[in-house]
Amino acid sequence: MAAHKILVIDDSRVIRNMVRDMLPPANFEVLEAADGIKGLEMIQQQKPWMIMLDFLLPRMSGFEVYETLQQSPELRRIPLVLMSGRKEEVTSKIAEPFEDKYLVFIEKPFEQKELITAIKKAMVLVQKMPPISVVTPSTPVADAVPQERSDDGLLQRIEELEAKHKLLEQQVASQQKQFQQLVDFIKKKLK
């Protein structure tokens with residue numbers, strides 16, 4: 001059986017090597033990228049079986065890579081494991097539960113068992129994704145084309161709404177953080 005390509009996008013060589021060492025080489029071929037831009041290039045070129053994405057990356061953040069993947073119906077179907085040593089950084093931009101976004105979060109550092117569990121979970125989540133368009137086999141091709149066009153328009157509108165929703169979530173998270181800072185400041189002044 002051919003090895004499954006897992007692309008590890010992380011600026012830490014230690015993490016990339018750790019993932020490589022944790023996975024059996026007969027089953028997995030670990031590809032590496034040290035920043036978000038290189039990671040996206042490799043995704044386009046290599047079409048990996050799975051992506052392990054660090055959230056904090058140089059040149060292009062893991063969040064920006066995630067957003068780019070979400071804009072492509074094909075790329076968003078690649079199982080995704082998001083990694084970070086600081087979960088609060090992730091939740092400030094991507095609201096929990098992560099399963100609703102068809103991704104798995106794993107906190108660094110992690111053990112081999114946690115990694116294997118995350119990979120399995122990511123595979124299950126991708127299988128649960130709704131199909132890109134719904135066209136029954138009995139539908140004549142001529143009738144299917146307008147349906148796909150309306151589905152594309154609907155998908156585009158949904159993606160726009162999701163992008164606006166994410167932006168609002170980011171703004172709310174930022175305001176919550178500012179509010180907490182203000183509360184902390186007032187508490188210090190009252191002491």
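The values are calculated or read from the model by the stated rules, or taken from the named source; none is laboratory data. Treat the numbers as computed from the prediction; the structure is a model and nothing was measured. Cβ placement follows ideal geometry from the backbone for every residue including glycine, while neighbour counts extend to all protein chains displayed. Note: accessible area is taken over every heavy atom of the protein model, side chains too, but ligands, DNA and RNA are not part of it. Shrake-Rupley method; radii C 1.70, N 1.55, O 1.52, S 1.80 Å.
Largest to smallest in accessible area, the residues Met22, Met123 fall in the order Met123, Met22 (1.4 Å probe, all protein chains included).
For the stretch 1-70, what is the relative contact order in percent, using Cα pairs closer than 8 Å and at least 6 residues apart in sequence?
Values: 108 pairs, mean separation 27.1, N = 70.
Once divided by the residue count of the stretch 1-70, the mean separation gives 39 percent.
For the stretch 40-61 versus the stretch 113-128, the spacing of their alpha-carbon centroids is 18 Å. Each label was represented as a point 7 Å from its Cα along the Cα-to-Cβ direction; for Glu114 and Thr91 these points are 1.5 nm apart.
Could you order peptides 105-112, 124-131 by the average number of other Cβ atoms within 10 Å of their residues, highest first?
On the way: 105-112: 15.1, 124-131: 11.5.
Peptide ranking by packing, descending: 105-112, 124-131.
With r defined as the distance between the Cβ atoms of Lys128 and Leu190 and R0 fixed at 45 Å, what FRET efficiency is calculated, to the nearest 0.05? Intermediate results must be reported in sequence, preceding the final value.
Details: r = 50 Å, r/R0 = 1.11.
Once the sixth-power term is evaluated, E becomes 0.35.
Computed from the C-beta positions of Arg59 and Val183, the FRET efficiency with R₀ = 41 Å rounds to 0.70. Most tightly packed first, judged by the mean number of other beta-carbon atoms within 10 Å of their residues, the peptides 65-77, 167-179 read 65-77, 167-179.
Just the number: Rg to Rh for the stretch 1-88, Cα atoms, Kirkwood Rh, two decimals. It would help to have the intermediate numbers written out before the result.
Values: Rg = 12.2 Å, Rh = 12.9 Å.
Dividing the radius of gyration by the Kirkwood radius yields 0.95.
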